[in-house]
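> Before I ask anything, here is the structure I am working with.
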Amino acid sequence: QVHLVESGGGLVQPGGSLRLSCAASGNIFDIYVVAWYRQAPGKQRELVATVPLRDVAKYADSVKGRFTASRDNAKKMLYLQMNSLKPEDTAVYYCNYGISPGTAFRPLGSWGQGTQVTVSS
């Protein structure tokens, strides 16, 4: 069973930056697309970015130009560099894995605990 562990969240002021990390057990980084989701209070979980094995990352329109997702297959790590953060980016951020990138992505793994990102002055 694959375990996903997110970290790196925290409290940051608007305009600030954070870097999230996701560590995964198993060999998902050899095979699958990996992705970041987020869930704000009272809202549905939202796909933020997908990172294919050998292609460029795809992003939700709400984060394009501000967030950069990357993967290190050797270290079995997924990252999300978040710049120019806005209060509306406040959410719990999760990682997962699947088959198809972009809007066709469907998560295959169990959800981890996530990491809380709060953007507030």
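The values are calculated or read from the model by the stated rules, or taken from the named source; none is laboratory data. What you see is a predicted model; the values in this text were computed from it and never measured. Note that we place each Cβ from the backbone using ideal geometry, even for glycine, and neighbour counts take in every protein chain shown. Remember, those area values only see protein heavy atoms, side chains included, never the ligands or the DNA or RNA. Shrake-Rupley method; radii C 1.70, N 1.55, O 1.52, S 1.80 Å.
> If you go through the range 92-121, how many residues are among the hydroxyl-bearing types (S, T, Y) and either in a helix (DSSP H, G or I) or more than 11 Å from the chain's Cα centre (by Cα) (or both)? Show your work before the answer.
Just the residues of the range 92-121 that are among the hydroxyl-bearing types (S, T, Y), to begin with: 93-94, 97, 100, 103, 110, 115, 118, 120-121.
Right, trim to either in a helix (DSSP H, G or I) or more than 11 Å from the chain's Cα centre (by Cα) (or both) and you get 100, 103, 110, 118, 120-121.
Residues that pass the stated criteria total 6.
> Further question: When the residues of the range 40-54 are filtered to those that are in a loop (DSSP other than H, G, I, E, B) and more than 24 Å from G26 (Cβ to Cβ), which remaining residue is least open to solvent (accessible area, probe 1.4 Å)?
A40
> For the range 22-39, give me the residue count where each residue is open to solvent by 20 Å² or more (accessible area, probe 1.4 Å), assigned to a strand (DSSP E or B) and farther than 14 Å from Q116 by Cβ.
Total meeting the criteria: 1.
> Does the range 1-17 hold any residues that are within 19 Å of M77 (Cβ to Cβ) and either open to solvent by less than 60 Å² (accessible area, probe 1.4 Å) or of a type in the set (S, T, Y) (or both), and which are they?
Scanning the range 1-17 gives V2, L4, E6, S7, G8, G9, G10, S17.
> Same structure again: Would you call L80 open to solvent by less than 20 Å² (accessible area, probe 1.4 Å), modelled with pLDDT of 95 or more and touching a Pro at 6+ places or on another chain (Cβ under 8 Å)?
no
> Taking the range 65-91 on its own, how many of its residues are within 26 Å of D30 (Cα to Cα) and either over 13 Å from the mean Cα position of the chain (by Cα) or not small (G, A, S) (or both)?
So the count comes out to 14.
> Okay, moving on. When you scan the range 52-70, do you find a residue that is over 22 Å from S100 (Cβ atoms) and among the aliphatic types (A, V, I, L, M), even just one?
Checking the range 52-70: not a single residue is over 22 Å from S100 (Cβ atoms) and among the aliphatic types (A, V, I, L, M).
> Something else: From the list A57, A69, A74, pick out the single residue that is surrounded by 15 or more Cβ atoms within 10 Å (Cβ to Cβ) and either touching a Leu at 6+ places or on another chain (Cβ under 8 Å) or closer than 20 Å to V5 by Cβ (or both).
Criteria check complete, one pass: A69.
> Name the pairs: first residue in the range 102-114 and on the phi > 0 side of the Ramachandran plot, second residue among the basic types (K, R), Cβ to Cβ under 8 Å, at least 6 apart or on different chains?
These pairs meet every condition: G102/K58.
> I would also like to ask the following. For the range 95-112, how many residues meet the condition of being among the hydrophobic types (A, V, I, L, M, F, W, C) and surrounded by 19 or more Cβ atoms within 10 Å (Cβ to Cβ)?
The number of residues fulfilling the criteria is 2.
> So, one more: What is the number of the single condition among (1) touching a residue at least 40 places away in the same chain (Cβ under 8 Å); (2) part of a loop (DSSP other than H, G, I, E, B); (3) open to solvent by less than 60 Å² (accessible area, probe 1.4 Å); (4) not aromatic (F, W, Y) that V63 does not meet?
(1)
> Applying the selection to the range 75-91, what residues are in contact with a helix residue (DSSP H, G or I) (Cβ under 9 Å, 6 or more places away or on another chain) and assigned to a strand (DSSP E or B)?
Within the range 75-91, M77, L78, M82 qualify.
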